Each structure stands twice: as C-alpha cells, then as structure tokens.
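**Student:** Below you will find the structure I want to go over with you.
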Amino acid sequence: MQHLLSLFDLTAGDLHSLLATANVLKARLAAGDRPPVLERRVLALLFEKPSFRTRVSFETGMSQLGGSSLFLGDDVGWGKRESASDFTQVLGQFVDAVVCRAKSHAKAEQLARYNSLPVINGLTDLCHPCQALADVMTVHGAFGTVAGKHLAFVGDGNNVAQSLALICAMLDMRFTLSCPAEYEMDAEWLERIFKLYPSAAIECIADAKVAVASADAIYTDVWTSMGQEAEMAERRKAFSAYQVNGQLMAIAPNHARVLHCLPAVRGEEITDEVIDSAQSDVIQQAGNRMHAQKGLLVWLLNRGWIEQNVTDSAF
Ligand code: CP
Ligand code: NVA
C-alpha cells in the first residue's frame with residue numbers, strides 16, 4: 001500500500017509526477033475547469049492537533065475533484081475508546097484514504113500498519129510532508145524551476161525544516177538551516193537523507209546573516225511548535241538572534257522570496273514588515289497547499305488519469 005507518512009515514501013520520479021499533476025490541476029482550476037478525477041471517493045481527516053490550512057485545503061481540494069471528506073476530531077476516540085487496530089481497520093471499511101495529524105509520528109505509522117488504505121501525514125512531530133510539497137511548488141512558481149535554488153531556513157530544525165531538507169535533496173536544491181546548535185535537525189533523519197541522496201546539499205550555519213546571503217528563498221516557522229508550549233520562554237531566548245526582519249533581509253539578495261508555513265507569531269520569528277512585504281509569497285504558499293494536495297490525492301487514487309492528462313514538463 002502506498003502511503004505518504006514522509007517524503008521517504010516517494011522516489012524523486014514520484015515527486016515530479018505528483019507535482020506536475022498539481023500544476024496541471026492548478027492551471028485547469030484557474031481556467032474554470034474542475035475535472036471530477038476522484039468522483040464519489042471519500043477522504044477522512046483524523047486530527048489530534050488544531051489545524052486551519054491543512055484541514056481546509058484537503059476538504060476543498062477533495063470537493064473540487066468530485067469527492068467528499070469528513071473531519072474526525074477528538075470525539076471519535078482514536079486510540080482512546082478502542083484498540084488502534086480495531087479503529088483503523090474499521091475506518092478502512094468506510095473511506096478511500098485518510099489524512100492524519102498526530103501528536104507522535106509513531107501513531108501515524110501505526111495507523112498505516114493496520115490499514116488497507118493510503119495514509120497521508122498531515123503533520124507529526126517528525127515531519128510535515130504536505131507542507132513541503134506546497135513550498136517547492138511556490139518556489140517553482142516564483143522562479144520557473146527548482147533545481148539549483150537555495151532555500152535558507154532560519155529557525156527551529158523542526159518537522160517543517162526536516163521535510164524541507166529532504167525535499168530539497170530530492171529536487172537538487174540547496175538547503176541551509178540556521179539555528180542555535182541545540183535546535184538542529186534530528187541526526188538520524190539527516191543520516192537517512194544522505195544515505196539515499198549522497199550528494200544532497202544540506203548544511204547548518206549558526207550565523208543567519210551568512211545563511212541568507214546567497215538564498216533564493218528565506219523560510220521561517222514558529223520557534224515553539226504545537227506541543228512544546230512549556231519550552232516557550234527558553235525558546236524565545238535561544239532564537240532571539242534568528243528573527244527574519246528588515247535587517248536580515250537587507251543582507252539577502254533582492255530577488256529572494258520569503259516563505260512561512262503559517263500560522264506565524266508576528267514579531268517573534270518574523271516581523272510584520274517582512275511577512276507583508278512585496279518579497280513575501282506566504283499567501284500564495286498557503287494557497288498551494290490545496291493544489292499540491294490535489295496532485296497528491298490523484299497520484300495516490302487515480303494514477304490512470306495522470307498517464308492520460310499530465311506530462312512531466314509541468315514541473
Ligand atoms: N501550515 C499548516 O499546516 O497550517 P495548519 O496548522 O493551520 O494546518
Ligand atoms: N512547526 C509547527 C508547524 C505548524 C504548521 C508545528 O508543528 O506546530
């Protein structure tokens with residue numbers, strides 16, 4: 001069964017194909033065309049943490065494709081009212097695919113283990129693959145290409161950063177993380193990337209000014225992720241030199257785009273003047289969540305449509 005628990009579940013070829021599909025569907029939507037590629041298919045969204053973008057982009061995307069979705073919050077009792085095995089096998093009787101947002105990555109993996117339907121990771125503590133799909137689509141939209149582009153991530157080496165490091169390796173992009181030493185990415189995660197993509201251009205640079213000097217895209221995310229609220233004060237202190245502000249942007253190339261997965265804590269990891277500037281693509285980036293995920297859903301559930309309608313040159 002094909003899942004998307006992390007981008008490690010895709011080959012570079014798979015990734016190109018689903019991103020090309022996303023671009024084709026985005027262009028067709030802009031032309032007023034909503035092909036019913038997933039007619040009467042049903043997507044479940046099983047969420048243990050809050051969400052705005054991920055939930056709404058999956059639900060609207062599925063609807064535009066002629067399918068439907070249902071949101072399952074805490075009340076369904078995933079892992080609480082009955083065994084995980086019973087719960088997930090029963091879910092498989094009703095729906096065609098499931099997006100899960102889980103507190104721990106292990107729980108998402110467990111969902112995939114017991115299931116006969118595709119499981120999509122809608123964010124875990126380890127990674128956020130759907131976000132990274134939209135992010136590279138945004139870079140592609142800005143520059144017409146992604147290979148060779150340099151993405152500098154200023155902030156926590158968290159779930160978002162980890163997916164970005166991997167997707168950059170898969171697409172021959174350069175990825176730089178700039179953060180305090182104790183907030184670097186998981187060593188095992190990086191090892192896995194380098195094992196699969198030995199020539200990956202990934203580095204960590206403590207000085208944010210050095211990291212952004214040659215960046216084509218500057219990315220940041222919250223210093224305190226969901227579930228880390230108890231560490232907020234110490235994180236604020238640790239990351240105080242890692243704010244994406246006007247001074248940092250003055251060092252970056254003029255053509256550099258600004259990205260943020262949102263939600264942002266304005267005035268903390270990014271200032272109003274930067275996030276609202278002409279260099280910022282954060283709103284288009286959020287919009288691309290829906291387009292990227294439509295490409296992913298069609299790639300998972302109707303590969304035949306891609307063969308008939310998508311050429312790889314679209315990404
Ligand atoms: N970027 C993102 O995943 O947003 P939500 O938490 O609102 O879904
Ligand atoms: N790193 C953030 C991303 C939110 C979309 C979190 O996990 O809370």
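**Student:** Can you tell me how many residues within segment 249-286 are within 16 Å of ligand 1 (Cβ to nearest atom), in contact (Cβ under 8 Å) with a residue 60 or more places away in the chain and open to solvent by 50 Å² or more (accessible area, probe 1.4 Å)?
**Tutor:** Summing the residues that are within 16 Å of ligand 1 (Cβ to nearest atom), in contact (Cβ under 8 Å) with a residue 60 or more places away in the chain and open to solvent by 50 Å² or more (accessible area, probe 1.4 Å) in segment 249-286 gives 2.
**Student:** Six or more apart or on different chains, Cβ atoms under 7 Å: show the pairs whose first residue is in segment 179-202 and without any contact (Cβ under 8 Å) to a residue 60 or more places away in the chain and whose second is surrounded by 14 or more Cβ atoms within 10 Å (Cβ to Cβ) and among the basic types (Lys, Arg).
**Tutor:** Sorted first by the residue in segment 179-202, then by its partner, the pairs are Ala201/Arg174.
**Student:** While we're on this one: Can you find a residue in segment 140-149 that is within 17 Å of the chain's Cα centre (by Cα) and either farther than 14 Å from Phe315 by Cβ or in a loop (DSSP other than H, G, I, E, B) (or both)?
**Tutor:** Step one: filter segment 140-149 for residues within 17 Å of the chain's Cα centre (by Cα), giving 140-141, 146.
Next, from what is left, pick out any that are either farther than 14 Å from Phe315 by Cβ or in a loop (DSSP other than H, G, I, E, B) (or both): 146.
Yes - at least one qualifying residue is present in segment 140-149.
**Student:** For His150, which of the numbered conditions (1) closer than 19 Å to Ala252 by Cβ; (2) of a type outside the set (D, E, K, R); (3) within 16 Å of ligand 1 (Cβ to nearest atom) fails to hold?
**Tutor:** With respect to (1) closer than 19 Å to Ala252 by Cβ; (2) of a type outside the set (D, E, K, R); (3) within 16 Å of ligand 1 (Cβ to nearest atom), His150 is out only on (3).
**Student:** Something else now. Within segment 22-60, how many residues are touching a helix residue (DSSP H, G or I) at 6+ places or on another chain (Cβ under 7 Å), within 16 Å of ligand 2 (Cβ to nearest atom) and open to solvent by 70 Å² or more (accessible area, probe 1.4 Å)?
**Tutor:** 0
**Student:** May I ask you to verify whether Ala252 is modelled with pLDDT of 95 or more and more than 25 Å from Thr124 (Cβ to Cβ)? Spell out how you get there, then give the answer.
**Tutor:** Working: modelled with pLDDT of 95 or more: yes; more than 25 Å from Thr124 (Cβ to Cβ): yes.
So Ala252 passes the test.
**Student:** Scan segment 219-237 and report the pairs whose first residue is in a helix (DSSP H, G or I) and whose second residue is crowded, with 20+ Cβ neighbours inside 10 Å and among the polar types (S, T, N, Q), with Cβ atoms within less than 7 Å and a gap of 6+ or a chain change.
**Tutor:** Close Cβ pairs satisfying both conditions: Glu231/Thr224; Met232/Thr224; Arg235/Thr224.
**Student:** Next question, about the same structure. Mind listing just one residue for me: the one in segment 164-190 that is in a helix (DSSP H, G or I) and over 15 Å from the mean Cα position of the chain (by Cα) and, of those, surrounded by the most Cβ atoms within 10 Å (Cβ to Cβ)? Break it down into steps so the answer makes sense when it comes.
**Tutor:** Of segment 164-190, the ones in a helix (DSSP H, G or I) are 164-170, 181-183, 187-190.
From what is left, the residues that are over 15 Å from the mean Cα position of the chain (by Cα) are 181-183, 187-190.
On the way: Ala181: 8, Glu182: 7, Tyr183: 18, Ala187: 8, Glu188: 9, Trp189: 18, Leu190: 20.
Here the answer is Leu190.
**Student:** What's the number of the condition Val136 fails, among (1) within 16 Å of ligand 1 (Cβ to nearest atom); (2) more than 18 Å from Val258 (Cα to Cα)?
**Tutor:** (2)
**Student:** So is Gly77 without any contact (Cβ under 8 Å) to a residue 24 or more places away in the chain, touching a helix residue (DSSP H, G or I) at 6+ places or on another chain (Cβ under 8 Å) and more than 16 Å from ligand 1 (Cβ to nearest atom) or not?
**Tutor:** On the way: without any contact (Cβ under 8 Å) to a residue 24 or more places away in the chain: yes; touching a helix residue (DSSP H, G or I) at 6+ places or on another chain (Cβ under 8 Å): yes; more than 16 Å from ligand 1 (Cβ to nearest atom): yes.
So Gly77 fits the description; yes.
Conditions tested, residue by residue: (1) within 16 Å of ligand 2 (Cβ to nearest atom); (2) open to solvent by 10 Å² or more (accessible area, probe 1.4 Å).
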residue: Ala102; (1), (2): yes, no
residue: His105; (1), (2): yes, yes
residue: Arg113; (1), (2): no, yes
residue: Gln131; (1), (2): yes, no
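**Student:** Here is a further query. Here are Asp86, Asp96: which of them is surrounded by fewer than 18 Cβ atoms within 10 Å (Cβ to Cβ) and either over 17 Å from the mean Cα position of the chain (by Cα) or closer than 29 Å to Ala238 by Cα (or both)?
**Tutor:** Details: Asp96 fails: surrounded by fewer than 18 Cβ atoms within 10 Å (Cβ to Cβ).
Testing whether each residue is surrounded by fewer than 18 Cβ atoms within 10 Å (Cβ to Cβ) and either over 17 Å from the mean Cα position of the chain (by Cα) or closer than 29 Å to Ala238 by Cα (or both) leaves just Asp86.
**Student:** Filtering segment 216-248 down to residues that are among the polar types (S, T, N, Q) and within 29 Å of Lys149 (Cβ to Cβ), which residue is most open to solvent (accessible area, probe 1.4 Å)? Even if it seems obvious, please write down each step before you answer.
**Tutor:** Our first condition is that a residue be among the polar types (S, T, N, Q); within segment 216-248, this holds for 220, 224-225, 228, 240, 243, 245, 247.
Among the residues that remain, those that are also within 29 Å of Lys149 (Cβ to Cβ) are: 220, 224-225, 240, 243, 245, 247.
Details: Thr220: 1, Thr224: 24, Ser225: 15, Ser240: 82, Gln243: 43, Asn245: 28, Gln247: 147 Å².
Applying the filter and picking the extreme gives Gln247.
**Student:** Just one of the numbered conditions (1) at pLDDT below 95; (2) under 30 Å from Val24 (Cα atoms) is not true of His150; which one?
**Tutor:** Checking His150 against (1) at pLDDT below 95; (2) under 30 Å from Val24 (Cα atoms), the one that fails is (1).
**Student:** What number of residues in segment 52-73 are more than 16 Å from ligand 1 (Cβ to nearest atom) and not aliphatic (A, V, I, L, M)?
**Tutor:** Step one: list which residues in segment 52-73 are more than 16 Å from ligand 1 (Cβ to nearest atom), which gives 63-68, 70.
Right, trim to not aliphatic (A, V, I, L, M) and you get 63-64, 66-68.
Qualifying residue count, segment 52-73: 5.
**Student:** Further question: Among the helices (runs of 4 or more DSSP H) confined wholly to segment 14-132, which include 1 or more residues that are within 27 Å of Met185 (Cα to Cα), modelled with pLDDT of 95 or more and of a type in the set (A, V, I, L, M)?
**Tutor:** Values: elements: 53-64, 84-94, 105-113.
Once the helices (runs of 4 or more DSSP H) in segment 14-132 are filtered for at least 1 residues that are within 27 Å of Met185 (Cα to Cα), modelled with pLDDT of 95 or more and of a type in the set (A, V, I, L, M), what remains is 105-113.
The values are calculated or read from the model by the stated rules, or taken from the named source; none is laboratory data. Because the structure is predicted, anything quoted here is derived from the model rather than measured. Note that we place each Cβ from the backbone using ideal geometry, even for glycine, and neighbour counts take in every protein chain shown. To get the accessible areas, we keep the full protein, side chains included, count just its heavy atoms, and leave off ligands, DNA and RNA. Shrake-Rupley method; radii C 1.70, N 1.55, O 1.52, S 1.80 Å.
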